[in-house]
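I have placed the structure first, in the form of structure tokens, so that the comments after it can refer back to it.
The values are calculated or read from the model by the stated rules, or taken from the named source; none is laboratory data. Everything numeric here is computed off the predicted structure, so don't read it as measured data. Cβ coordinates were reconstructed from backbone atoms using ideal geometry, including for glycine residues, and neighbour counts include every protein chain displayed. The accessibility values were calculated without ligands, DNA or RNA, using every heavy atom of the protein model including side chains. Shrake-Rupley method; radii C 1.70, N 1.55, O 1.52, S 1.80 Å.
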Amino acid sequence: MRKQIVVANWKMNNSPTQSSQLCSLILSKMRPTDKEVIIAPSYLYLNSVVATTQNSIIKVAAQNCHQEISGAYTGEVSASMLADLGLDYVILGHSERRYYYGEDNSLLAKKVSSALSQGLKVIYCCGETLDQRISGAHLDRITKQLTEGLFHLPAKAMKNIVIGYEPIWAVGTGITATSAQAQEMHAHIRSALSDKYGADVAHDTSILYGGSCTPSNAKELFAQKDVDGGLIGGASLNADDFLAIVNA
Ligand code: PEP
């Protein structure tokens with residue numbers, strides 16, 4: 001049975017103090033839930049968030065990792081380092097990584113394999129631009145990102161994969177996909193999973209929506225049959241807003 005998951009992607013935000021206060025506030029205000037709640041702080045704050053959330057139901061994710069396990073890659077962080085910190089997840093393929101750092105599907109395929117080899121679970125993001133959506137190329141775009149970045153994996157690895165659908169035109173813009181647009185794409189992703197791995201894997205894989213998700217639109221988005229939760233950017237920087245989304 002697939003899980004319902006809500007991820008707080010803090011991106012490059014918060015000071016050390018803000019980060020630990022926000023984490024403590026989320027912990028103290030969170031009601032018991034059967035959802036999986038994941039916080040993805042900056043690399044620098046991973047240690048403190050892991051320590052604060054120990055023995056809680058909150059899991060911790062990194063926002064990226066390098067594709068190699070070790071070596072002369074100045075400034076980089078490997079999946080094995082993240083696993084050593086006790087993390088559960090790493091986000092890969094976020095549209096900001098694809099756009100600002102030129103991460104393409106073939107590089108992401110290597111990062112995905114590297115993360116899984118170290119025992120991390122992967123939140124693999126995909127999404128289309130507004131032009132691709134307007135021209136009707138959006139479904140094919142997502143299929144390509146899945147095929148080239150993820151579908152090299154064997155079926156048994158898919159239990160450690162969560163998919164984040166994040167239309168680029170909705171990320172950080174205040175524009176949200178309609179629930180019908182989200183459902184259409186999530187159903188498309190599930191059908192691509194089914195074509196590649198069969199109905200069981202498709203049924204059991206959590207597919208999250210991301211893109212200006214807020215307390216006011218989360219309920220309707222999450223009510224869609226194939227939407228299993230959310231990847232939250234801006235609204236995750238406020239404990240009350242984030243928890244309202246978790247509770248939605
Ligand atoms: C994100 O970056 O993952 C995201 C969904 O951002 P926002 O919620 O701010 O659109």
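Against the definition (in a helix (DSSP H, G or I), within 15 Å of the ligand (Cβ to nearest atom) and either farther than 25 Å from residue 110 by Cβ or of a type outside the set (Val, Ile, Thr) (or both)), how does residue 158 come out, yes or no? So that I can check it myself, show each step before the final result.
Numbers: in a helix (DSSP H, G or I): yes; within 15 Å of the ligand (Cβ to nearest atom): no; either farther than 25 Å from residue 110 by Cβ or of a type outside the set (Val, Ile, Thr) (or both): yes.
The answer is no for residue 158.
Scanning the range 203-219 for residues that are within 17 Å of the chain's Cα centre (by Cα) and more than 11 Å from residue 165 (Cα to Cα) gives 204, 205, 212, 213, 214, 218. Residues in the range 1-26 that are among the hydrophobic types (A, V, I, L, M, F, W, C), without any contact (Cβ under 8 Å) to a residue 60 or more places away in the chain and open to solvent by 50 Å² or more (accessible area, probe 1.4 Å): 12 alone.
With respect to residue 176, determine if the residue is of a type outside the set (D, E, K, R), at pLDDT below 95, out of contact with any Phe, Trp or Tyr (no Cβ under 7 Å at 6 or more places or on another chain) and buried (at least 18 other Cβ atoms within 10 Å of the Cβ).
Working: of a type outside the set (D, E, K, R): yes; at pLDDT below 95: yes; out of contact with any Phe, Trp or Tyr (no Cβ under 7 Å at 6 or more places or on another chain): yes; buried (at least 18 other Cβ atoms within 10 Å of the Cβ): yes.
Answer is yes for this residue.
For the range 199-216, a residue qualifies if it is of a type outside the set (Gly, Ala, Ser) and either buried (at least 20 other Cβ atoms within 10 Å of the Cβ) or more than 13 Å from the ligand (Cβ to nearest atom) (or both), and the qualifying residues are 200, 201, 203, 204, 205, 207, 208, 209, 213.
Inspect all residues belonging to the range 101-123 and state whether any of them is within 11 Å of the chain's Cα centre (by Cα) and either over 25 Å from residue 188 (Cα atoms) or of a type in the set (Val, Ile, Thr) (or both). Don't jump to the end; show me each part of the working.
We begin by selecting, within the range 101-123, every residue within 11 Å of the chain's Cα centre (by Cα); these are 121-123.
With either over 25 Å from residue 188 (Cα atoms) or of a type in the set (Val, Ile, Thr) (or both) added as a condition, the list becomes 122-123.
So far as the range 101-123 goes, yes, one or more of its residues are within 11 Å of the chain's Cα centre (by Cα) and either over 25 Å from residue 188 (Cα atoms) or of a type in the set (Val, Ile, Thr) (or both).
Residues that are open to solvent by 30 Å² or more (accessible area, probe 1.4 Å) and among the β-branched types (Val, Ile, Thr) within the range 160-173 comprise 168, 173, listed in sequence order. Pairs linking a residue in the range 58-83 that is within 21 Å of residue 96 (Cβ to Cβ) to a residue that is at pLDDT below 95 and open to solvent by 60 Å² or more (accessible area, probe 1.4 Å), with Cβ atoms under 8 Å and 6 or more positions apart or on different chains, do not occur. Selection over the range 161-188 of residues that are more than 16 Å from the ligand (Cβ to nearest atom) and either in contact with a Cys (Cβ under 9 Å, 6 or more places away or on another chain) or within 15 Å of residue 110 (Cα to Cα) (or both) gives a count of 1. The set of residues in the range 227-241 that are more than 15 Å from the chain's Cα centre (by Cα) and open to solvent by less than 10 Å² (accessible area, probe 1.4 Å) contains only 239.
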